[in-house]
1. Out of all the residues in region 99-109, which are under 17 Å from residue 145 (Cβ atoms) and surrounded by fewer than 11 Cβ atoms within 10 Å (Cβ to Cβ)?
2. If you scan region 119-139, which residues turn out to be surrounded by 12 or more Cβ atoms within 10 Å (Cβ to Cβ) and assigned to a strand (DSSP E or B)?
């Protein structure tokens with residue numbers, strides 16, 4: 001019986017020692033979600049914006065952006081004279097100007113009217129050049145074109 005028991009235990013041991021096959025199970029992962037970085041998009045957009053620089057010689061206030069300065073410069077007072085008429089005498093033109101107090105002036109190119117210089121007199125316009133001094137003492141020139149206003153009958 002011992003032989004039988006020994007054979008039986010040997011058969012069980014041999015059958016239990018069989019190699020097991022390894023089965024690999026592959027899982028399929030879903031595609032990863034696309035994440036949109038909003039801050040990165042804003043940063044890229046800010047890089048594409050127009051770059052500006054400030055010329056300290058021409059800007060009276062360094063804390064304004066050039067765009068703001070341009071808006072403020074448009075609000076400057078205009079020359080308080082009105083072009084009333086133009087006289088053409090032998091190819092030389094003279095302009096008739098009138099201020100708000102109804103005082104008249106006759107000017108020709110090269111004349112000064114206050115701080116303004118009469119640059120050119122055309123057939124229906126007048127070009128005046130003003131020298132503007134900012135708070136640092138830098139001077140800039142500004143030209144203004146005044147058009148002759150025609151009266152309606």
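1. None - no residue of region 99-109 is under 17 Å from residue 145 (Cβ atoms) and surrounded by fewer than 11 Cβ atoms within 10 Å (Cβ to Cβ), so the list stays empty.
2. Within region 119-139, 119, 120, 121, 125, 126, 127, 128, 129, 130, 132 meet the criteria.
Every number in this text was worked out from the coordinates using simple rules, so none of it is lab data. From a predicted model like this one, the values you see are computed outputs, not experimental measurements. So basically every Cβ, Gly included, is an ideal-geometry build from the backbone, and we count neighbours across all protein chains shown.
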